Amino acid sequence: MSLIVQWISVRLPLPEPSFAKLEVTLLIVAAVLAGLVALAARTGPVWSGWKSVAVWSGLATVSTSVLSIPLHGTRWYLGGLFGDNMFRIPYFTHMTASATPVDMTYRGLPSFYSVGWFWTGGRFASFSGLPGWTAYKDFAILTMAVVPALAFSLWSMLLTRKTALALATVTAVAGAASVTPMWEPYAWAVYALAPPIVVLMGRVLRSPRNADAARRRWALAGVGAFIGVAGDVYALIGGVLVLVAVGYGVVALLPRRSGLPDTGVRALPRGTVIARLAAIGAVAAAFMIPVWAAYLGKALAAGMPPNPAQDFLPETSAQFSLPMFAPTFEGAFFLGGVVWLVVAARRDQVAAGLAALAAGAVAWHVLSVLAVFKNTTLLSVSANVVLYPTLYCAGVLGVIDTAGWVRRHHAELVERAHPVLAAGVVVVAGVSVVQTGQSDVSSLVGKAYSQPVPSGTAADGTTRDPHTAEDYDREIRNATGRAPRDTVILNPPLNLIAAYPYWNFQAPIPQYSNPLADYDGRNAEITRWSAAKTPEELLKELDTSRFTPPTVFVFESKPDGWHSWIEEDHHLNSPEHSGHDVVFSPKAFESPAFVRWTTGSTVIVARR
């Protein structure tokens, strides 16, 4: 359904630039939400298969439309090559060219950034015959569309279909909200599905020993599989889920309270709970080890070098995430969810599970604060995002619980309420969230339209690359006779490595680098090469380098020489990194071993 909606979206005769895209998007969202509300209202005790198909289709249509229609005129995803897309899209391009997981920057190193989504997307691109940079958009939107459908299936295992539909619908709406990282679809997939998985974890851990053993085993395996896949797709949230599981184990091991009944996992023997957690851990490890084995093997041999990404400490990471106190509609909704968690956590297993997930995110933040004393972080800025889907779900369940209480104790109020108007309020609330989200991502949509494609033109009709990725690729191939996957470039243009699987000798910033790459050592190597005054000196330095040396160099020509660029890691200081020029002597390349050409102020040198 998502691919069908995407196919239709790119063929809509919408004027550019205009707000027609927003108008059409909101109309479709309102219509589909109204249909889902009507389906829920007319659903009786029997749930037929066609209703599940209708729900999956409706949820996919909402999640797809809020992205595919605003982006209908461009082949780039949100942001183009802006921000973290400067590594995401080249990574996707590499995984399109290789069925074997590879690093997103460095040739010959095992992947470090979680490869699961990129590998799957690469296979999607390869199967569909699309270039990686353009398949990225299709697969990202498809991912956002699949998430609420999976959420519906998961919640249906735990709650009634009506409640599962409400939770899945709010998941779809939340995917378009301003607080959601829709520009990072693989992360949202793990964030949004974590709440039902943690609820299932809590339920299966406290399940009585005389309950259905076969169902319990399948549930334990399912929870473990999700944690393992989460570790492969977005390792940070996999870590939060592991922390939640450890929390359950700690609670189970606490001393029993004399004279008071034990509840939850404490109602079972400690050994039973620990055995179930061990089963979850074993399954999770079975999913994670094959993906991470290559990196861990080399990292252990190298003494586990530090992760430069953990030097990232923005202001939002230093603060506690408290979205429930934001002066917005969503803030009030979240606050209602928090109140419901506090009131219901002792009597309701779903509330207890959501509270455990929220506590896990907060605990991760606290651990990240403590890690600062070791001059590192746990990147709590990303872990905190799991609070949003958790509180969205808590808010919905709080509304449902409150409505049930009113129905039981004040039936006359329910009888007076107009059902159509009540449904309209629900639809308008959802449209309001989407509308705000569309406004907040408009700048990213604009960047997608102004980003030139490899041929040099952009969807806005005015922006053009002075030297296109296609030009760079053709000239480099002609000069070296090598394919992109066999070519390492020093300081490559971003548009080139986004479109073709060339390797970069050095990551653009320290936080994007593989710990095995030795970022500082590579900077020192570049600096040493720049000191060469003759071709003989430079060739000797390149040939004796402990790293795979570049065979192509890209410089900016200035009066004092040819300029490259390196960034230095400032660790937890602000800013976390800064860069400076490294100047090479043009005479060092005056040799038959090199071929060079110039376009404007850009000089490209290739080693024959």
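Inter-part distance, region 3-18 to region 489-542, computed on C-alpha centroids, equals 41 Å. A simple packing score, the average count of other Cβ atoms within 10 Å per residue, orders the peptides 385-397, 490-502 as 385-397, 490-502, with the highest score first. By accessible area, using a 1.4 Å probe on protein heavy atoms only, the chain has 65% of its surface on carbon and sulfur. Relative contact order, whole percent, for the chain stands at 17, derived from Cα pairs under 8 Å and 6 or more residues apart. Working ranking of peptides 582-595, 179-192 by packing, defined as the average number of other Cβ atoms within 10 Å per residue, highest first, is 179-192, 582-595. Convex hull volume of the Cα atoms of the chain, normalised per residue: 174 Å³.
Cα convex hull, region 467-607: 114 Å³ per residue, rounded to a whole number.
To the nearest ten degrees, helix 132-156 and the longest principal axis of the Cα atoms of the chain are 20 degrees apart. Between helix 185-205 and the chain there is an angle of about 40 degrees, using the helix long axis and the longest principal axis of the Cα atoms. Separation of region 372-391 from region 310-370 is 11 Å, based on Cα centroids.
Per the Debye formula on identical point scatterers at the alpha carbon atoms of region 95-154, with no solvent, log10 I(q)/I(0) at q = 0.21, 0.24, 0.26 Å⁻¹ is -0.83, -0.96, -1.04.
Using the Cβ-Cβ distance between Thr402 and Asp84 with R0 set to 51 Å, the FRET efficiency works out to roughly 0.80. Shown here for region 181-247: trypsin sites (Lys or Arg not before Pro) in loop regions (DSSP other than H, G, I, E, B) with at most 14 other Cβ atoms within 10 Å, namely Arg209. Over region 360-494, Cα pairs under 8 Å with separation of 6+ residues give a relative contact order of 9 percent.
Between Thr43 and Val342, residue separation times 0.36 nm minus the direct Cα-Cα distance comes to 104.6 nm. Cα centroid separation, region 218-254 to region 131-177: 21 Å. Rounded to whole numbers, the Karplus 3J(HN,Hα) couplings from phi for region 544-560 are 9, 5, 7, 9, 5, x, x, 10, 9, 10, 10, 10, 10, 7, 9, x, 8 Hz, using 6.51 cos²θ - 1.76 cosθ + 1.60 with θ = phi - 60°, and x at Gly and Pro. All alpha carbon pair distances within region 177-224 were sorted into 5 Å bins beginning at 0; the resulting P(r) in whole percents reads 5, 20, 22, 16, 11, 10, 8, 5, 2, 0.
Taking the square roots of 5 times each eigenvalue of the Cα gyration tensor of region 210-309, largest first, gives ellipsoid semi-axes of 31, 17, 11 Å. Using only alpha carbons, region 272-430 has a radius of gyration to Kirkwood radius ratio (Rg to Rh) of 1.11. Residue by residue, region 8-20 carries 3J(HN,Hα) couplings of 5, 4, 6, 9, 5, x, 9, x, 10, x, 6, 8, 4 Hz when phi is fed to the Karplus relation 6.51 cos²θ - 1.76 cosθ + 1.60 (θ = phi - 60°); x denotes Gly or Pro. One compactness figure for region 22-142 is 1.36, namely its Cα radius of gyration divided by 2.2 N^0.38 Å. With a Förster radius of 45 Å applied to the C-beta separation of Val53 and Ser443, the computed FRET efficiency comes to 0.80. If R0 is 60 Å, the Cβ-Cβ spacing of Ser18 and Ala411 corresponds to a FRET efficiency of close to 0.75.
Over the residues of the chain, the helix contribution to mean residue ellipticity at 222 nm works out to -19000 deg cm²/dmol, using -39500 (n - 2.57) for each DSSP H run of at least 4. Accessible area per residue for the chain is 44 Å², calculated with a 1.4 Å probe on protein heavy atoms, without ligands, DNA or RNA. Relative to the longest principal axis of the Cα atoms of the chain, the long axis of helix 387-409 lies at roughly 10 degrees.
For the residue pairs Lys298/Lys533; Lys21/Lys162; Lys558/Lys587; Lys298/Lys540, the alpha carbons lie more than 24 Å apart in Lys298/Lys533; Lys21/Lys162; Lys298/Lys540. The label point for Glu556 and the one for Ala286, both projected 7 Å from the Cα toward the Cβ, are 5.4 nm apart. The relative contact order of region 224-355, computed from alpha carbon pairs under 8 Å that lie at least 6 residues apart in sequence, is 20 percent.
The values are calculated or read from the model by the stated rules, or taken from the named source; none is laboratory data. Values in this document were obtained by computation on a predicted structure and should not be read as measured data. With ideal geometry, Cβ positions are generated from the backbone for all residues, glycine too; neighbour counts draw on all protein chains shown. The area values use the complete protein model at the heavy-atom level, side chains included, leaving out ligands, DNA and RNA. Shrake-Rupley method; radii C 1.70, N 1.55, O 1.52, S 1.80 Å.
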